[in-house]
Amino acid sequence: MQQLAHSKFIALNHCHLLLLLPNLNLRFVEIKLHDNSRFAMDVSGSESQTEAKKTKSKTPRKQKETLLKQKSPAEFFAENKNIAGFDNPGKSLYTTVRELVENSLDSAESISELPVVEITIEEIGKSKFNSMIGLVDRERVDAALYDDYETEKAREKRLAKEARAQEINAKNTALGKKVKETPATKVIKGRGEASFYRVTCKDNGKGMPHDDIPNMFGRVLSGTKYGLKQTRGKFGLGAKMALIWSKMSTGLPIEISSSMKNQNYISFCRLDIDIHKNTPHVHLHEKRENKEHWRGAKIQVVIEGNWTTYRSKILHYMRQMAVITPYAQFLFKFVSDAPDKNVSIRFSRRTDVMPPIPMETKHHPSSIDLLLIKRLIAETSKQNLLQFLQHEFVNINKSYAERLIGEMGPDFSSKMTVKSLTSQQIVRIHQLLRQAKFDDPSGHCLSPAGEYNLRLGIIKELHPDMVATYSGSAQVFEGHPFIVEAGVSVGGKDVKQGLNIFRFANRIPLLFEQGADVVTRTALKRINWSNYKINQIQDKIGVFVSIVSTKIPFKGTGKEYIGDDITDIASAVKYAIQQCCVQLKSKIVKKMQAREQQERKRNLSRYIPDASGAVYNVLKEMTQLHASKKIRYGDDDAELLSKVSDNLITKETLSEKLAKHVEQVDYEMALEYATQSGVSEEPRETIYIQSLEAENKMIDLKTPFIVFRLFQ
């Protein structure tokens with residue numbers, strides 16, 4: 001090895017130190033980096049520039065640092081809007097209406113005010129929408145650029161098809177055959193041809209504090225409904241998701257007007273939401289004069305939608321909401337430039353009896369998890385473990401809490417500080433609470449609609465021939481109380497033959513994914529309707545089931561149905577429907593009995609004139625024989641014959657007597673039939689009390705079927 005004449009050192013960032021030896025006649029030196037990438041350098045001493053081998057190596061690049069990205073709640077729901085029911089423009093319009101109506105009901109009920117809700121959907125044309133956002137309409141220059149462009153070949157094909165259809169109809173008309181209606185020519189609508197609607201909801205609720213309005217509408221997952229209680233909402237988004245959809249589809253802000261009790265001004269706020277920061281972007285927030293002393297809230301939002309495809313869903317929703325809340329008054333309007341498309345429906349109030357306000361409750365020990373225990377420990381104001389168990393959970397008194405602490409082991413004591421619990425100790429508490437036996441939670445925190453209101457709502461909207469309702473007692477699943485109410489009706493207007501199923505969860509209608517719901521499956525597969533004298537195919541049957549709970553076990557991302565896999569709920573639903581059917585059977589049997597009674601009476605009454613005429617002729621002949629002394633009758637017969645001769649007994653009097661006899665026999669036969677059939681209970685009838693003036697002081701005594709009102 002030759003002696004080193006001289007050496008050069010090249011220090012490279014993030015690479016090995018390389019010693020170059022020019023005496024070794026090296027032309028290229030390959031350098032290996034720490035990340036195992038390689039590149040070659042020309043060290044021959046020539047003036048040629050150093051270049052990377054194109055075939056064997058690559059130029060080194062600085063490795064990029066990994067950056068963690070975080071999404072805000074608003075951004076998450078904007079990207080996954082189908083979770084909140086904003087799958088497409090049509091359903092987005094439906095969900096917006098639903099969220100606004102339910103917010104209005106909650107607001108009015110929170111102050112025990114009979115709700116008055118006005119909902120208006122105004123159709124906005126493309127030109128009007130462009131003028132709202134300051135955009136000038138432009139004519140198409142290159143028509144073939146658009147996806148709704150119809151080529152000449154496609155146009156000829158369409159016209160030929162329409163001509164053939166007209167020719168076939170003309171031949172059928174000449175032959176006297178039935179002519180099929182020619183379908184209307186479909187208007188090709190491009191992807192960019194969206195429909196826009198201004199949705200306005202006005203109520204008489206409690207309103208909102210002036211300073212809280214921006215955060216209540218412009219910050220996702222912030223609100224007043226979080227806690228363990230029965231709520232109408234599914235995600236706690238309310239109008240926030242409508243605002244996100246408005247920002248995504250139109251870019252226009254939402255407008256809120258609100259005024260609270262004894263407030264001499266109206267709070268007006270125009271805002272949108274910063275999706276990435278999950279913060280409100282306020283355009284205008286001011287106080288305006290309240291000359292009319294109005295109280296409530298008015299929300300207005302412009303969104304993309306589809307009224308044509310979801311018209312029936314929105315109207316069904318309003319109708320079912322009127323069924324479950326007969327104490328509310330709804331006014332629904334759809335306004336369009338075409339007068340024939342306008343819709344205006346008023347759902348009147350039928351009663352002024354409101355359900356109690358749902359109460360917030362504490363967690364049941366059997367329904368908790370580790371995260372919940374840690375959160376309760378962090379938020380509790382109690383100092384020691386004994387107080388924590390007593391006051392943070394239901395159905396744990398002092399003596400039972402001491403027994404639980406004793407069972408936890410020697411590391412636990414009643415006086416130990418709850419904040420000092422280790423992770424292992426928290427796990428031990430969780431395991432014991434899941435395994436120990438506790439009393440079921442009561443249903444006092446729940447607010448069902450009540451049989452009275454459910455019956456009123458069914459009769460008000462469907463006008464059935466007969467209806468039966470039932471309200472079960474509170475039951476439990478996974479530590480959460482629930483109550484099932486049911487109603488079954490037969491007959492009525494706008495009701496199709498067969499089963500018509502109406503589902504409610506926490507007093508809101510469920511319209512989608514009906515086939516997998518526990519109510520649908522129970523009504524179709526687990527109820528033998530023929531046992532209750534009901535024809536499942538021919539009769540018009542309405543099945544109404546309302547489930548209220550602190551936790552509704554929804555299935556699916558959209559939370560549109562209740563699963564059939566919870567045995568406790570499925571059994572309660574079946575029992576409630578059966579109890580309604582038992583009541584209906586009593587009414588149906590009595591109706592059948594009355595119908596048979598009328599038929600018997602009709603058959604017997606048909607022969608009364610002939611029978612009375614024949615009897616009278618016999619008596620007349622006997623009278624003549626008795627008068628001519630050809631035949632002598634006894635004293636009783638002679639007295640009867642003398643009445644005939646004196647015209648005290650005539651054909652008409654015999655007909656009257658015979659008709660009374662038919663009535664008596666028919667009544668006795670019906671009574672015997674009822675006794676044999678086991679029908680001893682009279683059907684319970686519904687009595688309605690008219691609405692009274694608000695200034696009257698009264699006390700309501702409620703029963704399942706009637707409300708007694710005492711005046712002070």
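The values are calculated or read from the model by the stated rules, or taken from the named source; none is laboratory data. Quick caveat, the model's predicted, so the values are computed rather than measured. We place every Cβ from the backbone using ideal geometry, glycine too, and count neighbours over all the protein chains shown. These area figures cover heavy atoms from the full protein model, side chains too; ligands, DNA and RNA do not enter into them. Shrake-Rupley method; radii C 1.70, N 1.55, O 1.52, S 1.80 Å.
General observations
- Among the candidates 505, 468, 523, the residue that is more than 28 Å from residue 105 (Cα to Cα), modelled with pLDDT of 90 or more and surrounded by 17 or more Cβ atoms within 10 Å (Cβ to Cβ) is uniquely 523.
- Residue within region 112-132 that is more than 27 Å from residue 312 (Cβ to Cβ), among the aliphatic types (A, V, I, L, M) and at pLDDT below 85 present: yes
- Any chance residue 441 is in contact with a strand residue (DSSP E or B) (Cβ under 7 Å, 6 or more places away or on another chain) and modelled with pLDDT under 90: yes
- Cross-chain or 6+ apart pairs with Cβ under 9 Å, region 273-296 first and over 30 Å from residue 77 (Cβ atoms), then open to solvent by 90 Å² or more (accessible area, probe 1.4 Å) and assigned to a loop (DSSP other than H, G, I, E, B): 289/264; 290/264; 293/264; 295/206; 295/261; 295/262
- Residue count for region 237-270 under the criterion of being of a type in the set (A, V, I, L, M), closer than 22 Å to residue 95 by Cα and open to solvent by 20 Å² or more (accessible area, probe 1.4 Å): the result is 2.
A quick yes/no check of all residues on (1) in contact with a helix residue (DSSP H, G or I) (Cβ under 6 Å, 6 or more places away or on another chain); (2) in a helix (DSSP H, G or I); (3) more than 20 Å from residue 554 (Cβ to Cβ):
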{"position": "94", "(1), (2), (3)": "yes, yes, no"}
{"position": "104", "(1), (2), (3)": "no, yes, yes"}
{"position": "107", "(1), (2), (3)": "no, yes, yes"}
{"position": "114", "(1), (2), (3)": "no, no, yes"}
{"position": "129", "(1), (2), (3)": "no, yes, yes"}
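- Residue within region 216-228 that is modelled with pLDDT of 90 or more and open to solvent by less than 30 Å² (accessible area, probe 1.4 Å) present: no
- Selection of helices (runs of 4 or more DSSP H) fully inside region 292-410 by the criterion of at least 3 residues being open to solvent by 20 Å² or more (accessible area, probe 1.4 Å) and among the charged types (D, E, K, R) returns 307-324, 370-379, 398-408.
- Residue within region 276-290 that is surrounded by 20 or more Cβ atoms within 10 Å (Cβ to Cβ) and closer than 20 Å to residue 196 by Cα present: no
- Scanning region 122-179 for residues that are among the basic types (Lys, Arg) and open to solvent by less than 100 Å² (accessible area, probe 1.4 Å) yields 128, 158.
To keep it simple, each residue is scored yes or no on (1) surrounded by fewer than 21 Cβ atoms within 10 Å (Cβ to Cβ); (2) over 30 Å from residue 361 (Cα atoms); (3) over 17 Å from the mean Cα position of the chain (by Cα); (4) not hydroxyl-bearing (Ser, Thr, Tyr).
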residue	(1), (2), (3), (4)
529	yes, yes, yes, yes
535	yes, yes, yes, yes
540	yes, yes, yes, yes
545	no, no, no, yes
549	no, no, no, no
563	yes, no, no, yes
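- Of the listed requirements (1) out of contact with any strand residue (DSSP E or B) (no Cβ under 9 Å at 6 or more places or on another chain); (2) open to solvent by 70 Å² or more (accessible area, probe 1.4 Å); (3) under 25 Å from residue 490 (Cβ atoms), residue 597 misses just one: (2).
- Residue 580 fulfils the conditions (1) surrounded by fewer than 15 Cβ atoms within 10 Å (Cβ to Cβ); (2) within 30 Å of residue 546 (Cα to Cα) except for a single criterion, (1).
- Residue match in region 489-505 (condition: touching a strand residue (DSSP E or B) at 6+ places or on another chain (Cβ under 8 Å) and assigned to a helix (DSSP H, G or I)): no
- In region 569-624, residue nearest to residue 535 (Cα to Cα) [restricted to those that are in a helix (DSSP H, G or I) and of a type in the set (Ser, Thr, Tyr)]: 586
- Test: residue 520 is at negative phi and touching a residue at least 60 places away in the same chain (Cβ under 8 Å): no
- In summary, residue 585 fulfils each of the numbered conditions (1) modelled with pLDDT of 90 or more; (2) surrounded by 19 or more Cβ atoms within 10 Å (Cβ to Cβ) with the single exception of condition (2).
- Residue in region 419-427 that is assigned to a loop (DSSP other than H, G, I, E, B) and surrounded by 14 or more Cβ atoms within 10 Å (Cβ to Cβ) present: yes
- Any hit, region 430-452, residues being outside any loop (DSSP other than H, G, I, E, B), in contact (Cβ under 8 Å) with a residue 60 or more places away in the chain and open to solvent by 40 Å² or more (accessible area, probe 1.4 Å): yes
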